Structures are given as C-alpha cells and as structure tokens.
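Peer 1: Before anything else, here's the structure in question.
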Amino acid sequence: MSFLKDALSIFKKSELLFLERYKESDEVYTFVFEKPKDLTWKAGQHGLFTITHKKIKDSIRPFTVASAPTENNLKITMRISDAPSEFKKAMLELEKGMKVSMSGPVGSFYLKDNSPTLLIAGGIGITPFRAMVKQLEAEGNGAEKQIQLLYMDSKKSYVYKDEFDEIANNMSIRVTYLDSRDDLHHEIDKFHTSFKNNGKYFIAGSKSMVDSITTHLKNNNISKGNIKKDTFRGY
Ligand SMILES: Cc1cc2nc3c(=O)[nH]c(=O)nc-3n(C[C@H](O)[C@H](O)[C@H](O)COP(=O)(O)OP(=O)(O)OC[C@H]3O[C@@H](n4cnc5c(N)ncnc54)[C@H](O)[C@@H]3O)c2cc1C
C-alpha cells in the first residue's frame, strides 16, 4: 500500500512561496520556501519543481526535499555553475513572495526499518541524507538505528558540514568525510564486514557514482534488495 501511496502522491500539486536563498559553498545554493500546511513528505523523497514566474523551455526538474518534514520550512539545495541552465537562471531570479510549483512528494528513497544502514553520498547527492539525518535528530532515535553516513566529495566541498558535525556530536550517527573512491570503498567494506547482509545501503549522487558504488556492492555479494539508489540524472 505504501508503494501505491508513494506513486499516487505525484498527482498532488503545491504552490510554494519563496522566502530566501543562500549560498552553501562556491557553486551550491539552498532555496527556502514556506511549507504549505497540507504538504508533508518522507525524509529522502523528492518533488518535481516547475518554474511558473516566466516561460522557459524545460521548466520542470526533480529535486530532493533537503529539509525534514519536522522542520518548519521546505528547502532544496542545488549545484549551479557559472553557466546555469534556463531553469537554474530562473531559480536565481526568485524574489521573496514569488512562487514555484511542486508535484509530489515522489519516490521510495527513505528509511523504512531499524536495520543498520550505510548512507553513501557523492557530492550534491548529500541532499536526501540531510533530510534523513535531521529527521532522526528530531525523532531522537538515531541511537537505536545504527546509521553511518559516508560523504564523498573529490573537491572536499562538504555542504551542511556544520549541521552534520553538530548532530553527530549529540547522537550516535557517524559521519565520515572522504575525497577518494578508494577510501570510500574501504569504508563500505568495513561496514559490510560488520553487518554482512543485515545492512542496508542507500546511495545518492550522479549516475556514474551510483553505478560504480552499486557494482562495488554487488561484487561484494550484497544482495540487490539491500541497495537503494537515488540517481541524480543531469550531472
Ligand atoms: C530523484 C532526483 C533528485 C534530485 N535531487 C537533486 C538535488 O537535490 N540537487 C540537485 O542539484 N540536483 C538534483 N537532481 C538533479 C536535477 O534534477 C537536475 O538534473 C540537475 O540539477 C541538472 O540540472 P540543470 O538544469 O543544471 O542541467 P540540465 O540542463 O537539466 O541538464 C544537464 C545535462 O544533463 C542531461 N540530462 C538532464 N536530465 C537528464 C535525464 N533525466 N537523463 C539523462 N540526461 C539528462 C541534459 O540533457 C544535459 O546535457 C535530482 C535528480 C533526480 C532524478
């Protein structure tokens, strides 16, 4: 039933009132919206966002809701380079009081049980994990859940680092910052040695990163059913 609910929520459309944006790092921006009273989501899900204040080609993009449903606003965080797409140019033009529309929430990339879980982020793929970690903090049950976050970024530009460090200080969630694939594989193997096939693996990032980590997990005989993927197409 939850599968059906996840699938049907794509038909829900919400108007989001833009509040502010701020820079997380050189090329990464967070956009903050008022949270509509009748909208909720599961930490890790995404929405389909549409630009409505002007006409552009390709006006829809999927973005993870980077805030937890327990927070009092809705945030998305995206990478915007010096040559942004029309969509991202339009995002940068938003001023307080303007609106975008969101369909969803969508997807099944969220924590479902208390299994030991390894969250593996590549670059901007960190967004669903911010929502999950903030949700665990709000529920206060990170201690029961054996959650470890591996955050890989080859440029060592770790978005939300201050927030993660504060949460990791107060809860038993371990956050490890990495900048090489070899170190990432090594950490994955350590987790696998501890939990064998009782562990769950959540991977988010570019297609090449998600594919390569999935191959590594499968080569280590981790069953497909224990691997959840959120592939950020477009990077
Ligand atoms: C479930 C999900 C969650 C996401 N969450 C985030 C997030 O939190 N933050 C974030 O920054 N990005 C996220 N993305 C990626 C985001 O939707 C955009 O694709 C990305 O930001 C690039 O957008 P753009 O406008 O800069 O580039 P675009 O102009 O859209 O695309 C750049 C290049 O990628 C190609 N491309 C675009 N979409 C696809 C596709 N579906 N399949 C194959 N090629 C494609 C284009 O043809 C182009 O060559 C998410 C994607 C998915 C699917």
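Peer 1: When you scan segment 11-23, do you find a residue that is touching a residue at least 24 places away in the same chain (Cβ under 8 Å) and within 22 Å of Thr231 (Cβ to Cβ), even just one?
Peer 2: no
Peer 1: Among the residues that make up segment 121-129, is at least one of them within 16 Å of the ligand (Cβ to nearest atom), buried (at least 18 other Cβ atoms within 10 Å of the Cβ) and in a loop (DSSP other than H, G, I, E, B)?
Peer 2: no
Peer 1: For the subset of segment 63-83 comprising residues that are within 8 Å of the ligand (Cβ to nearest atom), of a type in the set (S, T, N, Q) and touching a Ser or Thr at 6+ places or on another chain (Cβ under 8 Å), which member is farthest from Leu48 (Cα to Cα)?
Peer 2: Thr77
Peer 1: Quick one: would you say Met171 is outside the structural domain of Thr40 (by TED's automatic domain parsing) and more than 15 Å from the chain's Cα centre (by Cα)? Before you say what the answer is, go through the steps one by one.
Peer 2: Values: outside the structural domain of Thr40 (by TED's automatic domain parsing): yes; more than 15 Å from the chain's Cα centre (by Cα): yes.
Here the answer is yes, as Met171 does meet what is asked.
Peer 1: Counting just the residues of segment 40-59 that are within 12 Å of the ligand (Cβ to nearest atom) and within 18 Å of the chain's Cα centre (by Cα), which one comes out nearest to Tyr160 (Cα to Cα)?
Peer 2: Gly44
Peer 1: Checking Ile167 against (1) within 16 Å of the ligand (Cβ to nearest atom); (2) within 26 Å of Ala68 (Cβ to Cβ), only one condition comes out false. Which one?
Peer 2: In the conditions (1) within 16 Å of the ligand (Cβ to nearest atom); (2) within 26 Å of Ala68 (Cβ to Cβ), Ile167 misses (1) alone.
Peer 1: Does Ile60 satisfy the condition of being modelled with pLDDT of 95 or more, farther than 16 Å from Lys228 by Cβ, outside the structural domain of Gly47 (by TED's automatic domain parsing) and of a type in the set (A, V, I, L, M, F, W, C)?
Peer 2: So Ile60 fails the test.
Peer 1: What is the one condition in (1) farther than 20 Å from Leu111 by Cβ; (2) surrounded by 14 or more Cβ atoms within 10 Å (Cβ to Cβ) that Asn169 does not satisfy?
Peer 2: (2)
Peer 1: Among the residues of segment 180-198, is there at least one that is within 16 Å of the ligand (Cβ to nearest atom) and touching a helix residue (DSSP H, G or I) at 6+ places or on another chain (Cβ under 7 Å)? Quick ask: steps written out before the conclusion?
Peer 2: Residues of segment 180-198 within 16 Å of the ligand (Cβ to nearest atom): none.
Checked against the condition, which is being within 16 Å of the ligand (Cβ to nearest atom) and touching a helix residue (DSSP H, G or I) at 6+ places or on another chain (Cβ under 7 Å), segment 180-198 yields no hits at all.
The values are calculated or read from the model by the stated rules, or taken from the named source; none is laboratory data. The structure presented is a predicted model; accordingly, all values stated were derived computationally and were not measured. Glycine gets a Cβ as well: all are built from the backbone with ideal geometry, and neighbour counts include every protein chain shown.
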